[in-house]
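> Sending over a structure as structure tokens; questions will come in a sec.
Read-outs throughout are calculated quantities, based only on the coordinates presented, and are distinct from any laboratory measurement. Here the structure is a predicted model, which means the values were calculated and not measured. Here Cβ is always computed from backbone atoms with ideal geometry, including for glycine, and neighbour counts include all displayed protein chains.
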Amino acid sequence: MKLTLKELRKKLYIFATEKTIGFTLISIFLGLVVGAIFLAAAGFNPFQAYGIILRGIFSKPSYISYTIVRATPLILTGLSIAFAFKTGLFNIGAEGQYIIGAVVATAAGYFLHLPLLIHIPVVIISAVLAAGIWGGLAGYFKAKFGVHEVISTIMLNWIALYFQNFLIYTKGFQKPGGETSHSIQPTANMMILKTWKQSEAGREWLLQHPFWKDLLRTPMNWGFLIAVLMAVLVWFILNKTALGYRLRAVGFNKFAAEYGGINVNKNMIISMFIAGGLAGLAGALQVVGVSHKVTLIAAMEGYGFDGIAVALIANSSALGCILAGLLFGALKYGGAKIQPFMQAPSEVINIVIGSIVFFIAIPKLIKVILTRKNKKGGIK
Amino acid sequence: MGYEEVTQSLGKVVEMKNITKKFGDFVANDSVNLDVFKGKVHALLGENGAGKSTLMNILYGLYSPTSGEILINGKKVDITNPNVAIEHGIGMVHQHFMLVKPFTVAQNIILGREPTSKMSVLNMKKALKDVKEISDRYGLYVDPNAKIEDISVGMQQRVEILKALYRGAEILILDEPTAVLTPQEIVELIQIIKNLTKEGKSIILISHKLKEIIEAADFCLIIRRGKHIDTVVVSETDEEGLASKMVGREVSFSVAKEEKEAGDEIFSIEGLVVKDNRDIIAVDKLNLSVKKGEILGLAGIDGNGQTELLEAITGLRKVESGKIKINGEDITNSTPFQVISKKISHIPEDRQKRGLVLDFDISENTILENYYKNPFAKRGVLQYDNIKVYAKELIDKFDVRPKEETKMARNLSGGNQQKVIIAREVSNDPDLLIAAQPTRGLDVGAIEFVHKSLIEQRDNNKAVFLISFELDEIMNVSDRIAVIYEGKIVGIVDAKDAEVEKLGLMMAGGGNE
């Protein structure tokens, strides 16, 4: 029995230290343990709480749908940060790029009058371009004046935030009497079966099919598919194209890249443009798929900042961002439910997320804990 | 007299018996034996990646051996971490110094063992006294109040040695101590080593420089690919003997080179002026030309404008005035990309900073300048199959080890990293190959290889421009030798007529002019 326990520890050690996925899973597990400790300390049963969260995510089709809708922008902002990170840049500006994407999408969605199949692509592309330029600006500042991208993107975040608020109080853009913008035209709306589910026939059919009724209750839209597609595209660009080779070379060692004839400055701008575009896409999809407008915001909404955590949990892997984004979306959506159901503070979920990031950020800690165990096991 | 007889009467302070260390399947040390004697210098000789550092890291407690045992002063010990090693009187001076730069010399030496008065108040007076005492005793003169960032590399090394002595080291491990030193500092270091042994300290000297081992060591353990090859008495052997044991075959120190008539001038520099990072003129109206089928060596002491000259040619630094021409075309102030497209290849001075993307694997590194070209990329998509075939070809041709194109450049030994760079640059089939310090930090076998590659290039009627601080290398390999001093060429001589004394004088500024 002792021997098998020792072997188990050894296997666990290898699992946690040599495979990044194993390491990530253990970090997530430890994060949940920390959350449980806090719940228990506050007098709540952690098993009950996690049970509620799990049921709150999976027990109904609409819950799953909500989770996915929640996860979509996080996957994209995560991708934005992961992409920049792979090319040696730290994009703190996903938040601002998201805002620019959302604002431009709203403007294009409201002011333009285009046929159904053209309107959505036009809205999305203009939002992505605008946010790309917003991100590229930080790259330009770095290339031209040596301004560190962390500084410039943080500044650009605030500019974006107040720009949105400024527009909301601008005549023509503001919905009269409200602290929001006008809603986008129906042709720019990407919610699945939006008109049908409000029509007479649709309502009738849904009444007889409770599964679909529940599912379509949610703002389900094509955004998730686009996000997944983007993850694949980012993976392809980074790993399979000459552009990706260039960007990675600059990211890993800009001196060697420069020596090899690669234009470092140009590639930094390109990288920030793509990163900005991805975060802007998150904002655009949120507008065309879920909110249909932008509202006055007092503080950052946090999609960009949560993206940093997503990218970290994904270890900057493009495909990992899909899973990390889903995890994040699920925790946020499901976690909110412990408050109404057992009066437990839903902030615990933020502790869980914070702990996961914490454990991931210090891989040494897990290694030390496991080595200790291994050594002790060895002596016995 | 053999090793056995000579060492019979000496007291053993360290015995490492049948040390084996495996990393996964890789055997870094394969039952290696090492005895260190009181008051003697024991050298540890081997090529890059032979397992010298692994063995010493085991002794210093950084690794634990897979099997084998260690005895200190006859007692079996279990060195689990460096603190245990220090307790047993073992001190190590690493190749890369571990000093706190804004601290003073004395502060660094006492760090972690600070003398305190009551109430744990730092007693700096006693610290200074202690430092002075040990530095006087071993002839290791330093200014205890100087800041580390203000003193030379040689001085920093002394501080490291003092640090180990302050902690009561009786056995001192010096890891490639001369790699960073100037010739003058090397002479001083050897004197320090002699002073230390006179005081009864034992030294383990890790090196792949044969000359120093001959000068400084009493005994020498030779390891090759992790295996224990031999232990010899240094006074009974010579450089050739050590070299052949280290590499496993006869090594020639002179470079085999046939007479060759140089062709037309292909590359020229006229009145070049370049500034350094501090905005001071580093290259001052320099003139130079290289012909087809010749190796032009640039001799000079470090810091006389070589780096700036090189960077100006390759497009990495701005040219203030003057002209650089290849094949009659003006390439002054071109981008690196344009320079490469004019068939100039460049083996950079700093292979890890400039030459390689360490987090790319070998195959990705072989296409650094050509990644976007057919057959490596088609319509912007990388063709990994073709890249792999190409990388394998280069690995075979240039004998890069290990023979795995998916190996990260970071995990290669210095010599093999250099081989990857040379393979890439030579395969670009350049009209002009610029080699800057191409053998820095390499062992004998790898140096031989690099020199052969340069000469092969010349024999193919290409131009080669070699920049090196090693005068031996310049004299062995070049056809013509130019000497640079304070950013100017102070003389050009035919390699056949070159004399060390004369070149040395020119390098120090006493040129023909």
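> What does the net charge come to around B:Ser31 if you take all other residues with beta carbon closer than 11 Å to its beta carbon, with K and R at +1 and D and E at -1?
+2
> Further question on the same structure: State the percent of C-alpha pairs, over all pairs in the protein assembly as shown, separated by a distance greater than 57 angstrom.
When every Cα pair of the protein assembly as shown is considered, 24 percent fall beyond 57 Å.
> Shielding of A:161-170 by partners, i.e. mean partner chain Cβ atoms within 10 Å per residue?
That average works out to 0.
> Taking every pair of alpha-carbon atoms in region A:47-152, what share in percent sits in each 10 Å bin, from 0 to the bin with the longest distance?
Distribution as computed: 13, 30, 27, 21, 8, 1 percent.
> Report the gain in length on full extension from B:Lys12 to B:Arg167: 0.36 nm times residue separation, minus Cα-Cα distance, nm rounded to one decimal.
53.7 nm
> Right, next: Please report A:Phe166, B:Phe337 as a ranked list, fewest other C-beta atoms within 10 angstrom at the top and most at the bottom.
Going from least to most buried by this count: A:Phe166, B:Phe337.
> Work through the residues other than B:Phe469 whose Cβ is under 13 Å from its Cβ and net out their charges, Lys, Arg +1 and Asp, Glu -1.
Cβ neighbours under 13 Å give a net charge of -4.
> If all Cα-Cα distances of region B:1-135 are sorted into 10 Å bins from 0 onward, what percent lands in each bin, rounded to whole numbers?
With a bin width of 10 Å, the distribution comes to 10, 31, 30, 20, 8, 1.
> So, one more: Between the alpha-carbon centers of region B:454-500 and region A:237-262, tell me the distance in whole angstrom.
Cα centroid to Cα centroid, the span is 34 Å.
> Further question: Quick one: grab the alpha carbon gyration tensor of region B:141-297, order the square roots of its eigenvalues as a ≥ b ≥ c, and give me rounded if a/c is under 1.5, else prolate or oblate depending on whether a/b is larger than b/c.
It is oblate, given that a/c is not under 1.5 and a/b is not larger than b/c.
> Given the rule -39500 (n - 2.57) for each run of at least 4 DSSP H residues, summed and divided by the residues of chain B, what is its mean residue ellipticity at 222 nm, to the nearest 500 deg cm²/dmol?
About -9000 deg cm²/dmol.
> While we're looking at this one, here's another question. For the protein assembly as shown, with only Lys/Arg (+1) and Asp/Glu (-1) charged at the beta-carbon, what is the dipole magnitude about the Cα centre, in debye rounded to 20?
It works out to roughly 4760 debye.
> What shape does chain A have by the C-alpha gyration tensor, where a ≥ b ≥ c are the square roots of the eigenvalues, rounded means a/c under 1.5, and otherwise prolate means a/b greater than b/c and oblate the rest?
In terms of gyration-tensor shape, oblate.
> Which links in B:Lys211/B:Lys323; B:Lys275/B:Lys462; B:Lys52/B:Lys318 stretch past 31 Å when you go from one Cα to the other?
Checking Cα-Cα distances, B:Lys211/B:Lys323; B:Lys52/B:Lys318 exceed 31 Å.
> Among the listed pairs B:Lys40/B:Lys125; B:Lys291/B:Lys419; B:Lys257/B:Lys392, give every one whose C-alpha distance is greater than 32 Å.
Violating the 32 Å limit, Cα to Cα: B:Lys40/B:Lys125.
> Here is a further query. Any aspartates and glutamates with Cα under 20 Å of the A:Lys142 Cα? List them, leaving off those in the same chain fewer than 8 positions away.
Counting by Cα, and skipping residues close in sequence, A:Lys142 has these aspartates and glutamates nearby: A:Glu95, A:Glu258.
> Same structure again: For region B:57-107, count the residues as N, evaluate 2.2 N^0.38 Å, and divide the Cα radius of gyration by that value, please.
Scaled against compact globular proteins, the figure is 1.40.
> Find the Cα radius of gyration of chain B, compare it with 2.2 N^0.38 Å by division, and give the number to two decimals.
For chain B, the normalised Cα radius of gyration comes out at 1.07.
> Shielding by partners for B:329-341, please: the mean number of other protein chain Cβ atoms within 10 Å of each residue's Cβ.
Partner Cβ neighbours, averaged per residue: 2.
> Quick check on the exposure proxy: order B:Arg317, B:Arg440 from fewest to most C-beta atoms within 10 angstrom.
So the residues, fewest neighbours to most, are B:Arg440, B:Arg317.
> Can you list, largest first and rounded to whole Å, the semi-axes you get for region B:166-206 by taking the square root of 5 times each eigenvalue of its Cα gyration tensor?
19, 12, 8
> Which chymotrypsin sites (Phe, Trp or Tyr not before Pro) from region A:169-208 combine a DSSP loop assignment with at most 12 other Cβ atoms within 10 Å?
When the chymotrypsin sites (Phe, Trp or Tyr not before Pro) of region A:169-208 are filtered for loop state and at most 12 Cβ neighbours within 10 Å, A:Tyr169 remain.
> Please find the FRET efficiency linking B:Asp350 to A:Arg203, where r is the Cβ-Cβ separation and R0 is fixed at 56 Å, and quote it to the nearest 0.05.
Here the calculated transfer efficiency is 0.20.
> How would B:Glu170, A:Glu179 line up from fewest to most surrounding beta-carbon atoms within 10 angstrom?
Ranked by crowding around the Cβ, least crowded first: A:Glu179, B:Glu170.
> Could I have the simple spin-label model distance between B:Asn411 and A:Lys175, label points 7 Å from Cα toward Cβ, reported in nm to one decimal?
In this crude label model, B:Asn411 to A:Lys175 measures out at 5.7 nm.
> In addition: Calculate the length of the line joining the C-alpha centroid of region B:49-118 to that of region B:309-329, in whole Å.
Cα centroid to Cα centroid, the span is 48 Å.
> Once each part is reduced to its C-alpha centroid, what is the distance from region A:23-63 to region A:82-152 in angstrom?
35
> Below 21 Å, Cα to Cα, which lysines can A:Lys60 reach? Residues fewer than 8 away in the same chain don't count.
List returned: A:Lys194, A:Lys197, A:Lys213, A:Lys332, A:Lys337.
> Quick check: residue separation of B:Asn461 and B:Val121 times 0.36 nm, minus the Cα distance between them. What number comes out in nm?
Result for the pair: 115.3 nm of gain on full extension.
> Using a cut-off of 14 Å between beta-carbons, work out the net charge of the residues near B:Val131 (Lys and Arg +1, Asp and Glu -1, B:Val131 not included).
+3
> OK, next. Taking beta carbons within 10 Å but only from partner chains, what does the mean come to for residues B:207-220?
Neighbouring Cβ atoms belonging to other protein chains average 0 per residue here.
> To the nearest 500 deg cm²/dmol, what mean residue ellipticity at 222 nm is calculated for chain A from DSSP H runs of n ≥ 4 alone, each contributing -39,500 (n - 2.57), summed and divided by the residues?
One gets -25000 deg cm²/dmol as the mean residue ellipticity at 222 nm.
> Would you mind computing, in nm to one decimal, how far apart the modelled labels at B:Gln191 and A:Trp222 are, each placed 7 Å from Cα along Cα→Cβ?
Placing both labels 7 Å beyond Cα along the Cβ direction yields 8.1 nm.
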